[in-house]
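Everything on this sheet refers to the single structure shown next.
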Amino acid sequence: MNDSFEKEKICAEVYQRIMALVEGETDEIALMATVACELHHGFPYFDWTGFYRVVQPEVLKIGPYQGGHGCLVIPFERGICGRCARTGKTLNIADVHAEADHIACSGTTQSEIVVPVFDANGMLRAVLDVDSDSPAAFDETDVKFLEKVCELFRNPGICWS
Ligand code: SME
């Protein structure tokens, strides 16, 4: 998608929809499921959209997602998701084949973005992973937008399991 105005417009609409749907919701799985669904169906180049949750020290486990199956467990030392969890920084990967640590859950993935999800205390709780079958699918608008969406999880009212 090259039309940045169009993309900004979709971002605003998707954000509004998410906010309306999750109003008052404090269950983290309900939030993740709703966010994954709205993101996945909101953007034509999001081909896998979901969360990996920190379930024990240094271990991510699959959470709510949309798309084909994802691998179930990712230790922090593996994958782009693990790298994001270790560094706490968003990773925008234009070409997954150029990354030695990329875990290929689907042979069609060309690019990927992973955003850390923190709670109100700044503790890493999950990562949001979006994969695209298009090369270099994500730009700065996607980065900013997905980071803004993940800020939802900083709500101190969320009951983390
Ligand atoms: N590509 C990710 C693994 C998760 S799946 O793509 C759904 C990674 O390298 O961490």
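The values are calculated or read from the model by the stated rules, or taken from the named source; none is laboratory data. Note that the structure is a prediction, hence the values are computed from the model and not measured. Counting neighbours? That spans all protein chains shown, and the Cβs are built from the backbone with ideal geometry, glycine included.
Would you call TYR65 of a type outside the set (Lys, Arg) and part of a helix (DSSP H, G or I)? Criteria not met by TYR65.
For (1) part of a loop (DSSP other than H, G, I, E, B); (2) more than 14 Å from the ligand (Cβ to nearest atom), each residue gets a yes or a no:
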residue: PRO44; (1), (2): yes, yes
residue: PHE51; (1), (2): no, no
residue: ARG86; (1), (2): no, no
residue: THR108; (1), (2): yes, no
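Looking at segment 88-106 only, could you name the residues that are within 12 Å of the ligand (Cβ to nearest atom) and within 17 Å of LEU60 (Cα to Cα)? Scanning segment 88-106 gives LEU91, ASP101, HIS102, ILE103, ALA104, CYS105.
Residues in segment 49-61: is at least one in contact with a Leu (Cβ under 9 Å, 6 or more places away or on another chain) and either under 14 Å from ASP142 (Cα atoms) or among the polar types (S, T, N, Q) (or both)? Scanning segment 49-61, I find at least one residue that is in contact with a Leu (Cβ under 9 Å, 6 or more places away or on another chain) and either under 14 Å from ASP142 (Cα atoms) or among the polar types (S, T, N, Q) (or both), so the answer is yes. For the condition in contact with a helix residue (DSSP H, G or I) (Cβ under 7 Å, 6 or more places away or on another chain) and surrounded by 22 or more Cβ atoms within 10 Å (Cβ to Cβ), VAL22 does not qualify. Considering segment 98-123, the residues that are in contact with a strand residue (DSSP E or B) (Cβ under 6 Å, 6 or more places away or on another chain) and touching a residue at least 60 places away in the same chain (Cβ under 8 Å) include one that is farthest from PRO156 (Cα to Cα), namely THR109.
Within segment 94-117, the residues that satisfy the criterion of being within 24 Å of VAL55 (Cβ to Cβ) and either buried (at least 16 other Cβ atoms within 10 Å of the Cβ) or of a type in the set (A, V, I, L, M) (or both) are HIS102, ILE103, ALA104, CYS105, THR109, GLU112, ILE113, VAL114, VAL115, PRO116, VAL117. Residues that are in contact with a strand residue (DSSP E or B) (Cβ under 6 Å, 6 or more places away or on another chain) and either more than 10 Å from the ligand (Cβ to nearest atom) or modelled with pLDDT of 95 or more (or both) within segment 65-74 comprise TYR65, GLN66, GLY67, LEU72, VAL73, ILE74, listed in sequence order.
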